[in-house]
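Single-structure report; data block below.
Throughout, read-outs are computed from the coordinates displayed, never taken from laboratory work. All of these numbers come straight from a predicted model, not from anything done at the bench. Virtual Cβ from ideal backbone geometry, glycine too; neighbours counted across all protein chains shown.
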Amino acid sequence: MPNFENYLEYGYWHFDVIRHIFALTVAAFLAGLVYFALTMKDVAPRYRLSNVISAVVMVSAALEIFQLWLLWNRSFDYDATAGLWTRNEGMIFSNGYRYANWSIDVPMLLTQLLVVLGFTGRAFWDNWGKFTTAGLLMIWTGYVGQYYEPAVAGFSDTQAVAPFWIWGGVSTLFYLYILYLVYSVTHNPPDRLSPQVATEMNRIWLLLLCAWTLYPLAYLVPAVWVSDEAVVVRQVLFTTADITSKLVFGIMLSRAARHRSIEEGYGPSLAVQGEIYPDRIERPHRAHEPAE
């Protein structure tokens with residue numbers, strides 16, 4: 001994919017910040033993998049799949065972003081005379097690896113949301129089908145649109161500009177539909193949620209609303225700002241969206257799953273109850289003692 005990053009030259013700090021961003025993302029996802037593996041036992045079996053999926057998402061995302069780190073370092077050489085990083089002939093940096101990763105992670109992230117909310121049977125599969133179809137179409141139409149970045153950024157006279165906006169617009173429609181679906185399931189779950197879990201689900205909805213909005217903003221950067229600073233901002237947007245919508249989202253879902261496990265009396269969750277409900281720990285009441 002000939003992203004507009006390939007047409008620019010970079011000062012040392014611009015180039016360095018971007019590769020450090022990639023390294024930070026990989027490290028965050030590997031740390032998340034450890035967290036989800038270690039906390040898996042703290043939630044009831046019916047919600048445990050959420051932790052498993054989060055762990056898989058961490059591996060998938062870390063591998064893809066590590067590939068971006070390698071490609072970024074290989075695609076540019078340092079010109080000591082000019083003091084700039086310029087593209088290495090024969091190498092092309094591509095954000096397409098992000099789209100490959102999203103094709104795996106987005107359906108999985110939305111699946112674990114259904115798991116923690118308690119959807120089962122036909123209701124689960126109906127919502128899963130909507131989430132997966134809309135998610136993949138959102139990603140793949142945006143993927144096609146990014147092939148036209150050179151034209152919209154002013155680097156190509158042979159490409160048409162319109163497809164960038166058309167495919168990006170179609171992708172945005174699917175994005176809005178997914179946000180609607182997320183709002184629907186988080187605010188109309190199959191089971192009545194406790195106030196604490198309902199609050200957590202509302203926070204998750206707001207998190208996805210903010211985090212996923214960063215993706216179309218990053219998509220639009222070549223159309224509104226063409227410079228090495230713009231590339232830094234774009235990669236920061238992608239990175240912030242990835243870490244919040246995968247790692248932070250997974251942690252929040254894990255907390256919600258633990259809340260629900262505690263409310264259902266699951267032993268291992270009760271053992272760590274003080275971490276979540278410090279004001280609700282009660283001394284066990286024995287039969288021969290008077291109630292307080």
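Quick notes on this one:
- Max mean-square fluctuation residue, GNM over the chain, Cα-Cα springs under 10 Å, options M91, M138, M58: M91
- Net dipole in debye of the chain [+1 Lys, Arg Cβ; -1 Asp, Glu Cβ; about Cα centre; nearest 20]: 920 debye
- Viscosity 0.890 mPa s, 25 °C: Kirkwood-radius Stokes-Einstein D of region 145-236 over Cα pairs, µm²/s: 159 µm²/s
- Percent RCO, i.e. relative contact order, over the chain, from Cα pairs under 8 Å lying at least 6 residues apart: 24 percent
- Between 0 and 90°, nearest 10: helix 121-145 axis offset from the chain longest Cα axis: 20 degrees
- Full extension of the chain between A82 and L220 yields a length gain of 46.7 nm, computed as 0.36 nm times the residue separation minus the alpha carbon distance.
- For q = 0.07, 0.13 Å⁻¹, Debye-computed log10 I/I(0) when each Cα of the chain counts as one equal scatterer: -0.33, -0.91
- Relative packing of peptides 170-179, 48-57 - highest average C-beta neighbours within 10 Å first: 48-57, 170-179
- Projecting the Cα positions of G121, F249, L209 onto the charge dipole of the chain (unit charges on Cβ atoms of Lys, Arg, Asp and Glu, taken about the Cα centre) puts G121 furthest along the positive direction.
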